[in-house]
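The values are calculated or read from the model by the stated rules, or taken from the named source; none is laboratory data. As the structure is a computational prediction, the values presented were derived from the model and not from experiment. Every residue, glycine among them, receives a Cβ derived from its backbone with ideal geometry; neighbour counts consider all protein chains shown.
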Amino acid sequence: MNELLRKSALELADMLAAGEITSEELTQAALQRIHALNPKINAFLFIDDEGALATARDVDARRAAGEQLGRLAGVPIAVKDNMVTRGKPTTCASKILEGWLPPYDATVIQKLAAAGMPVVGKTNMDEFAMGSSTEHSAFGPTLNPWDTTRIPGGSGGGSAAAVGSFMVPLALGSDTGGSIRQPAAVTGTVGVKPTYGAVSRYGLVAMASSLDQIGPVARTAADAAALQEIIGGHDPLDSTSLDEPVPALESLTTQAAHDGLEGMRVGIVKELSGEGYQPGVLASFRHAVEVLKGRGAQIVEVSCPSFDYALAAYYLIMPAEVSSNLARFDGMRYGIRVEPKEGPVTAETVMAATREAGFGDEVKRRIILGTHVLSAGYYDAYYGSAQKVRTLVQRDFAAAFGQADVLVSPTSPTTAFKFGEKMNDPLSMYLSDIATIPANLAGVPAMSLPAGVADDDGLPVGFQILAPAHEDATMYRVAGALEAGLGGSLATRCPAAEWEEVL
Ligand code: GLN
């Protein structure tokens, strides 16, 4: 592989700024590796050679002319296929959106353009971001670069695999219940769900609007921090967008890597690290906690009893919102239109035929579930109770953050599982999110950082760091200190680092 692709986004940014390399050269190298490896791992649904190279050449010209450019100008990035890109395919990995070309750019896409970051393409995912393995993609699963017989996590497995296999240094994901963090955990990458509202959702195809959040995927904590600085900030086009300045996340992360965490109180969440967790995952988690201690953190144990009900509440609230958000795919406005095989052609029958043909099983399952929990007579018992649990989860967080500055847990109870292992058992698939969901219910920032590899199977383990809302900077500081204490990025140990581009 081209040696440039092994470097972090910030190393590349420095080389670009110093005029040692051009963005065109770097973007070309990324595209070449993507074309060579994608037939093997299926991380991308669309590769945009032309668009990415045009941005790269433009940035190179502006730099040559002496223009002051942004921190990551010229560094290529991949984007999950549920963020709309003007005139470029956006499918959400669903047949129902095949052929649709969005008429506008998501706010994050506009921000990447303003920052001069070439977008190399759109990454694979579970259909409409529903799943934990990318096996629910209508266009085939993505393979895990650590072991291609295993899942890369989901729903954002494409972004995680693209970054983990050195196709690109950075990607964007979206996290409704863990879809940035769990893929990061099982691919040895870094994945961040910022505070709800810290990054605009305008142009993110909605799954469950009260839970969805866009965030960075990277190989180092500082790379993720630099990217969050670019995509974060207030957006009047998103009514839930926070109107507050974005902190200097990158410098706080690198500073903590150097200085350590003297005085930082780190709380281990009792409910998120016991029964049901793979022994190798727990061992890596405990080792990382020791490393934090070694870096000056004070370790306490906290209890969040309502977290035991978070998964159940999520699987009522999320489908309720899904059933409403996905009503817009009616065969009239976007993507495919299917007419019924027999009988009259009316708005209703076309809608039914289009949704029958266009949606996969998991999407249908959630729409049916959501419609049921919102129906008269069941609303209070299901949706109403779930909203009460949501309040209890928020209270547990508030109490725990009285005792600790950040909370920690394993990101996922297991390492990457084998393809097919959970496809016929939706409930066991849903359990992959047991540790990630509380953060979405409460809107707090959370990230997954590689803790090492599990001693029982040699696969990457994710370490989750949660902070109070608006305190993403504290989370990044812990990540910076932990990563340095663990000896740097785990991603460099991924077998894909040795994959050559000739297949
Ligand atoms: N795996 C979870 C689900 O299937 C999370 C999805 C997400 O975060 N988009 O709902």
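The rows are residues; the columns are (1) away from the ligand (no atom under 12 Å from the Cβ); (2) surrounded by fewer than 24 Cβ atoms within 10 Å (Cβ to Cβ); (3) among the aliphatic types (A, V, I, L, M).
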| residue | (1), (2), (3) |
| --- | --- |
| PHE139 | yes, yes, no |
| ASP147 | yes, yes, no |
| GLY164 | yes, no, no |
| MET167 | yes, no, yes |
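Please verify whether the stretch 65-83 includes one or more residues that are within 25 Å of GLY177 (Cβ to Cβ) and either without any contact (Cβ under 8 Å) to a residue 40 or more places away in the chain or in a helix (DSSP H, G or I) (or both).
To start, the set of residues in the stretch 65-83 that are within 25 Å of GLY177 (Cβ to Cβ) comprises 77-83.
Restricting the remaining residues to those that are either without any contact (Cβ under 8 Å) to a residue 40 or more places away in the chain or in a helix (DSSP H, G or I) (or both) gives none.
No: zero hits.
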task: Could you please tell me which pairs satisfy a Cβ distance under 6 Å, a separation of 6+ or placement on different chains, a first residue in the stretch 306-334 that is within 15 Å of LEU272 (Cβ to Cβ), and a second residue that is of a type in the set (A, V, I, L, M, F, W, C) and buried (at least 20 other Cβ atoms within 10 Å of the Cβ)?
output: SER306/VAL393; TYR309/VAL389; ALA310/VAL393; ALA310/ILE437; ALA310/LEU441; LEU311/ILE434; LEU311/ILE437; TYR314/ILE437
task: Go through the stretch 375-413 and give me each residue that's touching a residue at least 12 places away in the same chain (Cβ under 8 Å), surrounded by fewer than 21 Cβ atoms within 10 Å (Cβ to Cβ) and among the basic types (Lys, Arg).
output: ARG395
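Which of the residues that make up the stretch 116-129 are assigned to a loop (DSSP other than H, G, I, E, B) and more than 16 Å from the ligand (Cβ to nearest atom)?
Step one: filter the stretch 116-129 for residues assigned to a loop (DSSP other than H, G, I, E, B), giving 116-118, 124-126.
Listed by number, the residues that qualify are GLY116, MET117, PRO118.
Residue check: is ALA416 within 16 Å of the ligand (Cβ to nearest atom) and either touching a residue at least 12 places away in the same chain (Cβ under 8 Å) or not basic (Lys, Arg) (or both)?
Spelling it out, ALA416 is indeed within 16 Å of the ligand (Cβ to nearest atom) and either touching a residue at least 12 places away in the same chain (Cβ under 8 Å) or not basic (Lys, Arg) (or both).
Being basic (Lys, Arg), within 27 Å of the chain's Cα centre (by Cα) and closer than 21 Å to ALA439 by Cα narrows it down to one of ARG395, ARG328, ARG355, ARG365, so name that one.
On the way: ARG328 fails: closer than 21 Å to ALA439 by Cα; ARG355 fails: closer than 21 Å to ALA439 by Cα; ARG365 fails: closer than 21 Å to ALA439 by Cα.
Of the residues listed, the single one that is basic (Lys, Arg), within 27 Å of the chain's Cα centre (by Cα) and closer than 21 Å to ALA439 by Cα is ARG395.
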- line: The correct count of residues that are within 16 Å of the ligand (Cβ to nearest atom) and either over 15 Å from ALA310 (Cα atoms) or assigned to a loop (DSSP other than H, G, I, E, B) (or both) in the stretch 429-474 is 13
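Could you list, in sequence order, the residues of the stretch 484-503 that are of a type in the set (A, V, I, L, M) and either modelled with pLDDT under 90 or closer than 11 Å to SER165 by Cβ (or both)? Even if it seems obvious, please write down each step before you answer.
Filtering the stretch 484-503 down to residues of a type in the set (A, V, I, L, M) leaves 484, 486, 490-491, 496-497, 502-503.
ALA491, ALA496, ALA497, VAL502, LEU503, listed by residue number.
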Hits in the stretch 174-195 - residues which are polar (S, T, N, Q) and over 16 Å from ALA467 (Cα atoms): SER174, THR176, SER179, GLN182, THR187, THR189
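Given the criterion in contact with a strand residue (DSSP E or B) (Cβ under 8 Å, 6 or more places away or on another chain) and surrounded by fewer than 22 Cβ atoms within 10 Å (Cβ to Cβ), identify the matching residue among PHE419, PHE463.
Details: PHE463 fails: surrounded by fewer than 22 Cβ atoms within 10 Å (Cβ to Cβ).
When all the criteria are applied, what remains is PHE419.
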- request: For residues that are in contact with a helix residue (DSSP H, G or I) (Cβ under 6 Å, 6 or more places away or on another chain) and in a helix (DSSP H, G or I), scanning just the stretch 203-229, find the one that is nearest to the ligand (Cβ to nearest atom).
  value: GLN228
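Out of LEU227, LEU237, which single residue is touching a residue at least 12 places away in the same chain (Cβ under 8 Å), among the aliphatic types (A, V, I, L, M) and farther than 18 Å from SER448 by Cα?
Values: LEU227 fails: farther than 18 Å from SER448 by Cα.
Exactly one residue qualifies, and that residue is LEU237.
Every residue, every condition in (1) at pLDDT below 95; (2) under 29 Å from GLY480 (Cα atoms); (3) not in a helix (DSSP H, G or I), yes or no:
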{"position": "GLU244", "(1), (2), (3)": "no, yes, yes"}
{"position": "GLN255", "(1), (2), (3)": "no, yes, no"}
{"position": "GLY274", "(1), (2), (3)": "yes, yes, yes"}
{"position": "VAL281", "(1), (2), (3)": "no, yes, no"}
{"position": "LYS293", "(1), (2), (3)": "no, yes, no"}
{"position": "TYR314", "(1), (2), (3)": "no, no, no"}
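Only one of these is surrounded by fewer than 24 Cβ atoms within 10 Å (Cβ to Cβ) and either in a strand (DSSP E or B) or free of Cβ contacts under 8 Å to residues at least 60 places away in the same chain (or both): ALA113, ALA160, ALA171. Name it. Let's see the steps before the verdict.
On the way: ALA160 fails: surrounded by fewer than 24 Cβ atoms within 10 Å (Cβ to Cβ); ALA171 fails: surrounded by fewer than 24 Cβ atoms within 10 Å (Cβ to Cβ).
Unique residue meeting the criteria: ALA113.
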statement: Every listed condition ((1) within 14 Å of the ligand (Cβ to nearest atom); (2) more than 19 Å from TYR430 (Cβ to Cβ); (3) of a type in the set (Ser, Thr, Tyr)) holds for SER155 save (2)
